[in-house]
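This report concerns only the one structure given below.
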Amino acid sequence: MLSARTSIALPSPGTVLDALGEHVAEHGFTMERDGARASIVLPMGRADFEIGAATLGVEAAAGEAADIEAMIGFVASHVHEFARPFRPEIVWEGDTGSGTLFADFREMRVLRVTDLTPHMRRITLTGADLSRFATDEALHVRLFFPPPGVNPPRWPQRGADGLAAEIAPELRPVMRRYTIRRIDLASGEVDIDFVIHDEAGPGSGWAARAAVGDLLGMAGPGGGGFRPAEWYLLAGDETALPAIARILEALPAEAEGVALVSVADPGEAIPLDTASRVEVRYLDRSAAAPGAKCLLAEAVRAIVPPQDRASYVWAGCEYDDFRDIRAHFKTTLKRKRGDHLAVSYWRRGRAEDERGGED
């Protein structure tokens, strides 16, 4: 078991700990309290707290290097958030790996570039020790795009507080989240599918000019996958196609349901393989009536999950559509945490692959 400790000077440590307890409760976890002591258990590890007169003592523990990093990073980032405007100094001791690359980080090199549709480009990457990324429980990774001309790239390293150390703005890579479309541990290959936008942001712009041998960073995995069920509703636009494809490929033969995919025009539709009995329906936005509201949200509302079978509903799309569909999941379908997931993959008016929210 790996562990790390810190004592954080704070003007109101109890208030910060209360806010942290409310935060984890919002995400389905519980902070156990006993006077001045408290503890939380998260998927990556455990953190124990002790409130002093003007300090918050913390001891974090986890089984692997990437998990202890995640725990101390989680604590540090939220202490900074809940202590505002005060900015405490946080220095961890123990198994922190300060000054090195993060354990969940890999440098990846472009192996192949393949155009799947006029606006979908597959980049095949190669790297070492990729086993942690081969999971259906967490489909997404953080990709780090170095600025053009910065060679070798400056990758994030761990600071004394457990967070990424500062990098000069002109050297700093831009991070965006993407879905692993395919991973082959034997060959050390990973496929990432990029939507190529006319007004390219960091990810789309990098993919549009990517060439064999180019480098980028990859960290993770993270984000939600899917839950076992008998019937599924999957919904998304082009940005969600890789995730929907991964889910469909992983479903058992007896699974039933509907997958709704909104595309700009029929040329953006790609074949989706599944052994299940989930029906795939492509929605053509170019055929929608002028001024029509979200085609995807309307199609989602028209699907009624069966009441006599265990079902799971999932959506990934633009932020405004995400809010509409999430409200439908919660209010109309009365979905509880664990039997649904809605994710915003992008937001109109912002960089094309900047997340707007998740539920």
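For Glu59, indicate whether it is under 19 Å from Thr96 (Cβ atoms) and among the charged types (D, E, K, R).
yes
Of the numbered conditions (1) assigned to a strand (DSSP E or B); (2) farther than 15 Å from Arg122 by Cα; (3) polar (S, T, N, Q), Thr179 fails exactly one; give the number of that condition.
Going through (1) assigned to a strand (DSSP E or B); (2) farther than 15 Å from Arg122 by Cα; (3) polar (S, T, N, Q) one by one, Thr179 breaks only (2).
Just to be sure, is Pro290 surrounded by fewer than 18 Cβ atoms within 10 Å (Cβ to Cβ), more than 30 Å from Ala66 (Cα to Cα) and either at pLDDT below 95 or among the acidic types (Asp, Glu) (or both)?
Yes, satisfied.
Can you run down the residue pairs with Cβ atoms below 7 Å, 6 or more apart or on separate chains, where the first is in the stretch 5-33 and in a loop (DSSP other than H, G, I, E, B) and the partner is open to solvent by 60 Å² or more (accessible area, probe 1.4 Å) and of a type in the set (Lys, Arg)?
Close Cβ pairs (under 7 Å, with a partner that is open to solvent by 60 Å² or more (accessible area, probe 1.4 Å) and of a type in the set (Lys, Arg)) amount to Gly28/Arg337.
So, in the stretch 261-280, exactly how many residues are more than 25 Å from the chain's Cα centre (by Cα) and either open to solvent by 80 Å² or more (accessible area, probe 1.4 Å) or not polar (S, T, N, Q) (or both)?
6
Filter the stretch 199-219 down to the residues that are in contact with a helix residue (DSSP H, G or I) (Cβ under 9 Å, 6 or more places away or on another chain) and open to solvent by 10 Å² or more (accessible area, probe 1.4 Å), then identify the one that is farthest from Pro147 (Cα to Cα).
So, considering only residues that are in contact with a helix residue (DSSP H, G or I) (Cβ under 9 Å, 6 or more places away or on another chain) and open to solvent by 10 Å² or more (accessible area, probe 1.4 Å), the one farthest from Pro147 (Cα to Cα) is Ala200.
Counting just the residues of the stretch 95-117 that are modelled with pLDDT under 95 and open to solvent by 50 Å² or more (accessible area, probe 1.4 Å), which one comes out nearest to Gly267 (Cα to Cα)?
Top of the filtered list is Leu101.
Checking Val141 against (1) open to solvent by 20 Å² or more (accessible area, probe 1.4 Å); (2) modelled with pLDDT of 95 or more, which single condition isn't satisfied?
(1)
Just for the stretch 153-183: of the residues that are over 29 Å from Gly99 (Cα atoms) and touching a Leu at 6+ places or on another chain (Cβ under 9 Å), which one is surrounded by the most Cβ atoms within 10 Å (Cβ to Cβ)?
Taking the candidates together, the pick is Arg181.
When you scan the stretch 37-52, how many residues do you find that are surrounded by fewer than 15 Cβ atoms within 10 Å (Cβ to Cβ) and more than 13 Å from Met71 (Cα to Cα)?
Residues that pass the stated criteria total 2.
Is there a residue in the stretch 241-257 that is open to solvent by 10 Å² or more (accessible area, probe 1.4 Å), within 30 Å of Pro156 (Cα to Cα) and either touching a Phe, Trp or Tyr at 6+ places or on another chain (Cβ under 6 Å) or free of Cβ contacts under 8 Å to residues at least 60 places away in the same chain (or both)?
Looking through the stretch 241-257, none of the residues is open to solvent by 10 Å² or more (accessible area, probe 1.4 Å), within 30 Å of Pro156 (Cα to Cα) and either touching a Phe, Trp or Tyr at 6+ places or on another chain (Cβ under 6 Å) or free of Cβ contacts under 8 Å to residues at least 60 places away in the same chain (or both).
What about Val150, is it assigned to a loop (DSSP other than H, G, I, E, B), closer than 19 Å to Ala208 by Cα and open to solvent by less than 50 Å² (accessible area, probe 1.4 Å)?
yes
Examine the stretch 220-229 for a residue that is under 21 Å from the mean Cα position of the chain (by Cα), of a type outside the set (A, V, I, L, M), part of a helix (DSSP H, G or I) and surrounded by fewer than 18 Cβ atoms within 10 Å (Cβ to Cβ), and state whether such a residue exists.
No, every residue in the stretch 220-229 fails to be under 21 Å from the mean Cα position of the chain (by Cα), of a type outside the set (A, V, I, L, M), part of a helix (DSSP H, G or I) and surrounded by fewer than 18 Cβ atoms within 10 Å (Cβ to Cβ).
Consider only pairs whose beta carbons are under 8 Å apart and that are at least six residues apart or on different chains; among these, list those whose first residue lies in the stretch 67-87 and is in a loop (DSSP other than H, G, I, E, B) and whose second residue is surrounded by 15 or more Cβ atoms within 10 Å (Cβ to Cβ) and among the aliphatic types (A, V, I, L, M).
Ala83/Leu10; Ala83/Val16; Phe86/Leu10
Inside the stretch 118-135, can you point out the residues that are open to solvent by 70 Å² or more (accessible area, probe 1.4 Å) and over 29 Å from Ile167 (Cβ atoms)?
Once the filter is applied, which keeps residues that are open to solvent by 70 Å² or more (accessible area, probe 1.4 Å) and over 29 Å from Ile167 (Cβ atoms), the stretch 118-135 yields Pro118, His119.
Take Glu69 and decide whether it is open to solvent by 60 Å² or more (accessible area, probe 1.4 Å) and under 25 Å from Arg142 (Cα atoms).
no
The values are calculated or read from the model by the stated rules, or taken from the named source; none is laboratory data. Source: prediction; values computed, not measured. No Cβ is skipped: glycine too gets one built from the backbone with ideal geometry, and neighbour counts run over all protein chains shown. With ligands, DNA and RNA removed, areas are computed over all heavy atoms of the protein, side chains included. Shrake-Rupley method; radii C 1.70, N 1.55, O 1.52, S 1.80 Å.
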